[in-house]
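The structure appears right after this line, and notes come after that.
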Amino acid sequence: MRKPDAIVLAAADYKRLIPVADEIWAAGIPLITIDSFIESTKPLIRIGTDNYTAGVQAGDTLIEIIGKGKNLAIITRENMYTSEHQKLLSPVNRD
């Protein structure tokens with residue numbers, strides 16, 4: 001198998017892919033992460049979204065669409081809803 005000139009990775013897990021990044025780096029292959037990152041300094045370039053700002057903008061847009069004082073359901077994978085999500089929803093809760 002030929003060695004790639006670079007690898008672009010959209011990480012599904014912040015910590016579990018650290019050994020993979022280490023292996024890529026040890027092989028001398030440039031690693032670029034997109035969309036989501038890993039807890040490592042090995043990626044050469046990181047391209048992603050400022051999720052906090054995106055969440056605020058989404059909340060503001062949601063208020064424009066459904067109005068204030070409405071109920072909102074959040075559907076996400078198990079164990080993903082945290083106090084950080086509540087902070088992101090703060091625009092929905094404001095008067």
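The values are calculated or read from the model by the stated rules, or taken from the named source; none is laboratory data. Quick caveat, the model's predicted, so the values are computed rather than measured. Heads up, the Cβs are rebuilt from the backbone with ideal geometry, glycines too, and the neighbour counts pull from every protein chain shown.
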Against the conditions (1) modelled with pLDDT under 75; (2) surrounded by 11 or more Cβ atoms within 10 Å (Cβ to Cβ); (3) not in a helix (DSSP H, G or I), where does residue 87 fall short? Just the number, please.
(3)
Number of positions in region 1-24 that are among the acidic types (Asp, Glu) and not in a helix (DSSP H, G or I):
2
Over region 25-70, the set of residues assigned to a helix (DSSP H, G or I) and of a type in the set (Val, Ile, Thr) is 53, 56, 61, 63, 65, 66
Tell me, which residue of region 1-35 that is within 20 Å of the chain's Cα centre (by Cα) and of a type outside the set (A, V, I, L, M) is surrounded by the most Cβ atoms within 10 Å (Cβ to Cβ)?
33
Where residue 92 falls short, out of the listed (1) modelled with pLDDT of 85 or more; (2) surrounded by 14 or more Cβ atoms within 10 Å (Cβ to Cβ):
(1)
Selection over region 36-59 where residues are among the aromatic types (Phe, Trp, Tyr) and surrounded by 12 or more Cβ atoms within 10 Å (Cβ to Cβ) yields a count of 1
Give the residues of region 44-54 that are of a type in the set (Gly, Ala, Ser) and at pLDDT below 80, sorted by residue number.
48
